[in-house]
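Undergrad: Before I ask anything, here is the structure I am working with.
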Ligand SMILES: CC(C)(COP(=O)(O)OP(=O)(O)OC[C@H]1O[C@@H](n2cnc3c(N)ncnc32)[C@H](O)[C@@H]1OP(=O)(O)O)[C@@H](O)C(=O)NCCC(=O)NCCS
């Protein structure tokens, strides 16, 4: 299993490592993450290690692909994630993203996600990609639109009552 790396003008994308625990704790507890994605309950190094292990087991090992940690090149530091998930209840692979609030509004989410979409299309040869956002999460919808994705329909997570927006692109 060769870890995957991607590069853009300002960013490096790489698979999670077990040394990412401090960053994972910080990102998953940002109020914007909890509000827009959910509270994953990752509070300490032990929780973060289990979370990373799950990504190895359920994504990298099982599927051969999965979520990336996004780092700036200058300075070299993690600032966010761009995820590729295959949920049990959804036929399609979905793309997601989350950044440290200190890094919002610099175009990083779009720049990283564009590289991931290209990887999905040209290397994984997946012919359809979706993205799911809260109806009120306009920044996330802007990013999905800049990837060429279009609003397709409302969708409901099995565990929630509320409907979310599903965006999609077919290659
Ligand atoms: C969604 C998220 C990744 C976007 O990050 P970002 O740094 O703002 O992303 P970018 O800078 O690449 O682009 C965001 C776009 O949304 C626009 N935008 C930002 N806030 C906005 C707002 N309140 N209303 C309308 N547009 C907004 C920006 O102007 C930009 O578009 P532009 O390049 O055309 O100007 C970031 O807000 C985040 O991590 N949020 C928490 C986690 C999350 O919501 N993830 C998505 C779950 S589906």
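The values are calculated or read from the model by the stated rules, or taken from the named source; none is laboratory data. Small disclaimer: the values here were computed from a predicted structure and weren't measured. Every residue, glycine among them, receives a Cβ derived from its backbone with ideal geometry; neighbour counts consider all protein chains shown.
Undergrad: In the range 115-133, which residue that is more than 22 Å from residue 2 (Cα to Cα) and either in contact with a helix residue (DSSP H, G or I) (Cβ under 6 Å, 6 or more places away or on another chain) or in contact (Cβ under 8 Å) with a residue 60 or more places away in the chain (or both) is surrounded by the most Cβ atoms within 10 Å (Cβ to Cβ)? Write out each step before concluding.
TA: Just the residues of the range 115-133 that are more than 22 Å from residue 2 (Cα to Cα), to begin with: 127-133.
Among the residues that remain, those that are also either in contact with a helix residue (DSSP H, G or I) (Cβ under 6 Å, 6 or more places away or on another chain) or in contact (Cβ under 8 Å) with a residue 60 or more places away in the chain (or both) are: 129, 131, 133.
Details: 129: 24, 131: 26, 133: 21.
The selected residue is 131.
For every residue, the table says whether it meets (1) within 16 Å of the ligand (Cβ to nearest atom); (2) within 21 Å of residue 167 (Cβ to Cβ); (3) outside any loop (DSSP other than H, G, I, E, B).
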residue: 43; (1), (2), (3): no, no, no
residue: 46; (1), (2), (3): no, no, yes
residue: 50; (1), (2), (3): no, no, yes
residue: 53; (1), (2), (3): no, no, yes
residue: 85; (1), (2), (3): yes, yes, yes
residue: 96; (1), (2), (3): yes, yes, yes
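Undergrad: Next question. So, of the residues in the range 69-78 that are touching a residue at least 60 places away in the same chain (Cβ under 8 Å) and in a strand (DSSP E or B), which turns out to be surrounded by the fewest Cβ atoms within 10 Å (Cβ to Cβ)?
TA: By that ranking, first place goes to 72.
Undergrad: Something else now. Which of the residues belonging to the range 1-16 are in a loop (DSSP other than H, G, I, E, B) and under 21 Å from residue 123 (Cβ atoms)? Spell out how you get there, then give the answer.
TA: Keep residues of the range 1-16 that are in a loop (DSSP other than H, G, I, E, B), which gives 1-4, 8-10, 16.
Passing the criteria: 1, 2, 3, 4, 8, 9, 16.
Undergrad: To continue, here is another question. Which one is farthest from residue 72 (Cα to Cα) among residues in the range 98-134 that are within 9 Å of the ligand (Cβ to nearest atom) and part of a loop (DSSP other than H, G, I, E, B)?
TA: Out of the qualifying residues, it is 134.
Undergrad: Also, I was wondering about something else. Within 13 Å of the ligand (Cβ to nearest atom), under 14 Å from the mean Cα position of the chain (by Cα) and surrounded by 17 or more Cβ atoms within 10 Å (Cβ to Cβ), is that true of residue 143?
TA: yes
Undergrad: Please state which of the following conditions residue 158 fails to meet, knowing it meets all the rest: (1) under 18 Å from residue 68 (Cα atoms); (2) out of contact with any strand residue (DSSP E or B) (no Cβ under 7 Å at 6 or more places or on another chain); (3) more than 7 Å from the ligand (Cβ to nearest atom).
TA: (1)
Undergrad: Just to be sure I understand, how many residues within the range 79-122 are under 18 Å from residue 14 (Cα atoms) and at pLDDT below 95?
TA: 0
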